[in-house]
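What follows is a short report on a single structure.
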Amino acid sequence: MLSIVKPNGDQSAPEVSVDASGGDPEAFRAIFHRYGKPIHAFIYHLVGDRPRAEELTQETFLRAYRALDRRQPAAKLSTWLFGIARNVVREAIREKGRRLHLVGLDDANSQNVHDESIGPIERILTTELEGAIRRALDELSVDQRVVFVLKVLKKMSYQEIFSVTGFSTGKLKTDLHRARMQLRYKLEPYLAGRAPGIGGAS
Amino acid sequence: MNCSHFQNIIEDYHHGELEERQSAEASAHLGECAKCRGDLALLAAESRLYEAYAAKVESTLDLDPDMWRRAAEGAASRPVRFGESQPAGAMAHWLGLPLAAFPWIRQTVAAVLLVAVSVTATWYIVERQHKANDKAAPMQAYAPGASSGGESLESALQSIQRAEKEYIKAIQDLNSIVVKQESTLDPRAVAELQANLRAIDEHIAMARKAYYAQPTNAELAVYMLAAYSRKVEFLQDLTS
């Protein structure tokens, strides 16, 4: 049985609730349509490689389909899926035996934006800076990257991130702080003097 | 609130994760501290940059709308792989049998580990006591029931045997879960699993033989219980 509910704090993106959907293709299709893009984006931010991200997204949903009927009823579907995605990425990185390397952002994805209606932050997002952010993310530990992406890019609460990772709040905060400091250090040369409030920090 | 305290909670304040009272204290501090206001502004500006980056990148990501169909077909045709894991917080696991359905196993394992720790600690104390007694009355030291020291030794021996039985029971329980799921696993994973279990069993047999040849030797008792413990941990890892 499939139903749609409004999640706390997110009126624009209703949470899909599955009561008993093991083996139900329609329920699974609805779940994919609701969560496919966020999960794909999450995986891409972790691996920085488009074909690999697509492959791991499919693997995530394959595992989700197989495990749907064993899901804890109290677990939120979105955090449950992010948790599977995180495990899939960790396993993929472990199997490779090395960090997944950044592949350059292609031109179609990184054209500069010259629209005058956008703000100063968006305007400084040049190809060079996007590449620098991607590389800085790639240099974080996997745990730090996961926490940073979920907290800063996906705006999850600590409680939700705990549900995804199983990390204690102390570890979450430590990983987040270290990730932020490392990114600040790596990006400082690209940002100093280019945007109000960013760069040149001590 | 001082600057040091604010720096510890600046990220939480920025994300609105503080309780009302603490958030009010942080706001009050910001009202009077230009440096912390600057640090918060930097954090906020960086966050906006990262959000803009994410939005721009995500707008260019394409996802095949029919991927769900391939995933469902793949799920039906591929066996569960060894170590295929589920979210940590969800309690689901790759064996397909959530431990929530077997709360007694976790309790048993925890209880066994506690017994092992307390038994071995007691054992060392008893053995030390007996060594001291040996000097005074060597023939009496290891005679169960012959003295208060002998009673302690007898009690420690019984505790070791109880701990061993508890371990064996926990291993049987965990084993039954693993065996039920073997047919759904990749045959190579099953072979690897069985090879590991054989090695652990050989280790247990060796440790057990050594201990029962010298049942008053504390080190051998610890060695034997550690061998059992290793198997419990191995099986527990497989089922969690």
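Quick check on region B:20-76: of everything there that is of a type in the set (D, E, K, R) and exposed (fewer than 12 other Cβ atoms within 10 Å of the Cβ), which residue is farthest from A:Val149 (Cα to Cα)? It comes out as B:Glu32.
Where in region B:16-130 are there helices (runs of 4 or more DSSP H), lying wholly inside it, with at least 2 residues that are modelled with pLDDT of 85 or more and under 30 Å from A:Phe32 (Cα atoms)? Break it down into steps so the answer makes sense when it comes.
Values: elements: B:20-32, B:34-59, B:67-77.
Qualifying helices (runs of 4 or more DSSP H): B:34-59.
Condition (residue is crowded, with 18+ Cβ neighbours inside 10 Å and at pLDDT 85 or above) applied to region A:89-108: is it met by at least one residue? Scanning region A:89-108, I find at least one residue that is crowded, with 18+ Cβ neighbours inside 10 Å and at pLDDT 85 or above, so the answer is yes.
Of all residues in region A:121-147, those satisfying the criterion of being touching a residue at least 40 places away in the same chain (Cβ under 8 Å), within 11 Å of another protein chain (Cβ to nearest Cβ) and under 17 Å from the mean Cα position of the chain (by Cα) are A:Ile133, A:Arg134, A:Ala136, A:Leu137. Summed over region A:27-81, the residues that are facing chain B (nearest Cβ under 7 Å) and of a type in the set (A, V, I, L, M) give a count of 4. Scanning region A:148-174 for residues that are more than 11 Å from chain B (Cβ to nearest Cβ) and surrounded by 19 or more Cβ atoms within 10 Å (Cβ to Cβ) turns up just one, A:Leu150.
The values are calculated or read from the model by the stated rules, or taken from the named source; none is laboratory data. What you are looking at is a predicted structure, and each value in this text was computed from that prediction instead of being measured. For neighbour counting, all protein chains shown are included, and Cβ atoms are generated from backbone atoms with ideal geometry for every residue, glycine included.
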